[in-house]
1. Starting with the highest mean, order B:189-200, B:35-46 by the number of other Cβ atoms within 10 Å, averaged over the residues of each peptide.
2. Could you list A:88, A:184 so that the one with the fewest beta carbons within 10 Å of its beta carbon is first and the one with the most is last?
3. Treat the count of other C-beta atoms within 10 Å as a stand-in for reagent exposure and order B:249, A:162 from fewest to most.
4. Using helices alone, I'd like the mean residue ellipticity at 222 nm for chain A: each DSSP H run of four-plus residues gives -39500 (n - 2.57), total over residue count, nearest 500.
5. Would you please put B:167-179, A:195-207, B:81-93 in order of how densely packed they are, using the mean number of other Cβ atoms within 10 angstrom per residue and starting with the highest?
6. Give the average, rounded to an integer, of partner chain Cβ atoms located within 10 angstrom of each Cβ in B:199-206.
7. Work out from phi, with θ = phi - 60° and the Karplus expression 6.51 cos²θ - 1.76 cosθ + 1.60, the ³J(HN,Hα) of each residue of region B:142-158, listed in order in whole Hz, and give x for Gly and Pro.
8. Taking 0.36 nm per residue of sequence separation and subtracting the Cα-Cα distance, how much length would be gained by fully extending the chain between residue B:30 and residue B:250, in nm to one decimal?
Amino acid sequence: MKGVTLNMENKTSSKIDLDSVFSVKNVSVNYGDFVAVKNVSMEMYKNKITAFIGPSGCGKSTLIRSFNRMNDLVPSAKVSGEILYQGINLYDQNVDPVQVRRRIGMVFQKPNPFPKSIKENIAFGLRVNNMTDNLDDRIEKALTQAALWDEVKKDLDKNALDLSGGQQQRLCIARTIAVEPDTILMDEPCSALDPVATKKIEDLMQLLVNEFSILIVTHNMHQASRVSDYCAFFTTKATEDGRRTGELVEYNDTKTMFTNPIQSLTEEYISGRFG
Amino acid sequence: MNSIKDLTKTNKEKAPKEIIFLCVLYLSISIAIITLMTLIFDILSTGSNRLFSDYEVGLVTKQQINNPQDFLTSLDSRDPLKAGIGPAFVGTLWLMIIVVFTTFPLGTGAAIYLEEFAPKNKLTRFIELNLTNLAGVPSVIYGLMGLAVFVRLAGFGRSVLSGGLTLTLLILPVVIVASREALKAVPDTIRQGALALGATKFQAIFRQVVPSAIPGMVTGMVLGLSRAIGETAPLIFMGALTYVNYYPDSPLSGFTAIPIQVYNWIGYPQAEWKNTSSAGIILLLVMLLTMNSIALIIRNKFEKDW
């Protein structure tokens, strides 16, 4: 049996099988007095791909952005509860968000290369992290890992904005892994890409998962079923004041989730009856 | 009745209205362009003979004493045929240098602070509102302020430095607003991308956001500068000289500028001064066109398709 469970009592048994990367306890995220996502508790595991699925507005992007403290950029955002990353509470006062983001990389929905050369795009992260020894080797390694090296090795000085959307996104993955994080968060990385480019990114994820733990938010549940080892399904519920709050409905290993979901809501979603 | 023939039918009932409206539009644009062209043609025709050929006054052709090209380099004179724009040209160059070196750091600095660092509170809103208002303040007011602050209080005298600083104040609001627009045009995803790689806020702003905004900032700067060199009123108010027979050699020397020189010349009674002042205007026009073209080239070359 795989050690997947939401029960805290069984935590010890799950630890034997898998190392936990993120341990989320009763996490809610508010924007002002608006509750975006409420009372999420879950464990995510090392060297696995965990997917967050669910309809728009269910708080999955909000949640993933609190995992590397990107939500700090929104002044009204407030995270309550505990997010433990390898045992350390990310929202502890002594934790430096800059260091958090350096260890937990992020790939965004829309490819966002810097308007500079391909080489500079990767060198920037290395420079700000003082990893400038063997700069060229590191750039080559990152591009190779991101399955982009063969396509761009001849024109590393070309402006990154001249690449295709799929190549840009792989460049963004390359610059993320260049700074050697432990975990990569992906916020709908394929939503702006065509199926061929999407396939490339999905294949890439299967390779990267050997070295990194990956968390992916996706609208596309087929993608979740194809790439992920674990899957969390979120949905929205109306609150008394008529606004909608995201909630975690079910979290399980992907196979179980898609063949034998426990919650009827999950079954309805994955069978396409809503969402 | 909708038949496929409707697609080919020309809609004749509507046509007269459309034609009239189009004519009004053409008329509006023609008035603007014809006025401008007339002015430019008039200036070129009266100014060119001072620049490039001999004078004809009545029936007599007067040989110009100086080589025509000397107009740019000779000093002012009581004789319209000898008067050159040298000191005013150099004075304008001095002003431009002072304005660039003060406006660029101050303008971009203020813009970066307001756009990237300033807390979004009432004070910031108040400053932003007043920046927009300052951009609309009549330029003579800046001249009076330059007189009070730089000439008298700071003790720079009626110098080219005081003039440059006055013009800096004049164009600073415009440059700040343009620089802020340039920063705003950098998508937020660039900031987030940099931060997600473990960059600090400073690194993200100064190594990614600001470099991406530099072309826009430079464009704003050049346009501000071209406004500054065309200004006459504030400089006259703060006490620029009108007859200068030497080249300004330090920031504290007295000076005149092209628009003041032209304004001065055109007030003299002899007919030849008209040609001389037109020649001065041609020089100013060439400078303005050059600078605006530079701004246009920078904008087109570095315009990004995010």
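1. Numbers: B:189-200: 23.0, B:35-46: 12.4.
In descending order of packing, they fall as B:189-200, B:35-46.
2. Working: A:88 12, A:184 24.
Ordered from fewest to most neighbouring Cβ atoms within 10 Å, A:88, A:184 come out as A:88, A:184.
3. Values: B:249 10, A:162 13.
Fewest-to-most ranking of B:249, A:162: B:249, A:162.
4. Details: 11 runs with 96 residues, N = 275.
Per the formula, -9500 deg cm²/dmol.
5. On the way: B:167-179: 24.5, A:195-207: 15.8, B:81-93: 22.5.
Top to bottom by mean Cβ count within 10 Å: B:167-179, B:81-93, A:195-207.
6. Values: counts 9, 5, 3, 1, 5, 3, 0, 0.
Mean shielding by partner chains, rounded to a whole number: 3.
7. Values, residue by residue: 5, x, 4, 5, x, 4, 5, 7, 7, 6, 8, 5, 7, x, 7, x, 7 Hz.
8. Numbers: separation 220, 0.36 × 220 = 79.20 nm, distance 4.65 nm.
Here the answer is 74.6 nm.
Just so you know, all these numbers are worked out from the coordinates, no wet-lab data involved. As the structure is a computational prediction, the values presented were derived from the model and not from experiment. Quick reminder, even Gly has a Cβ in these numbers, built from the backbone with ideal geometry, and neighbours come from all protein chains shown.
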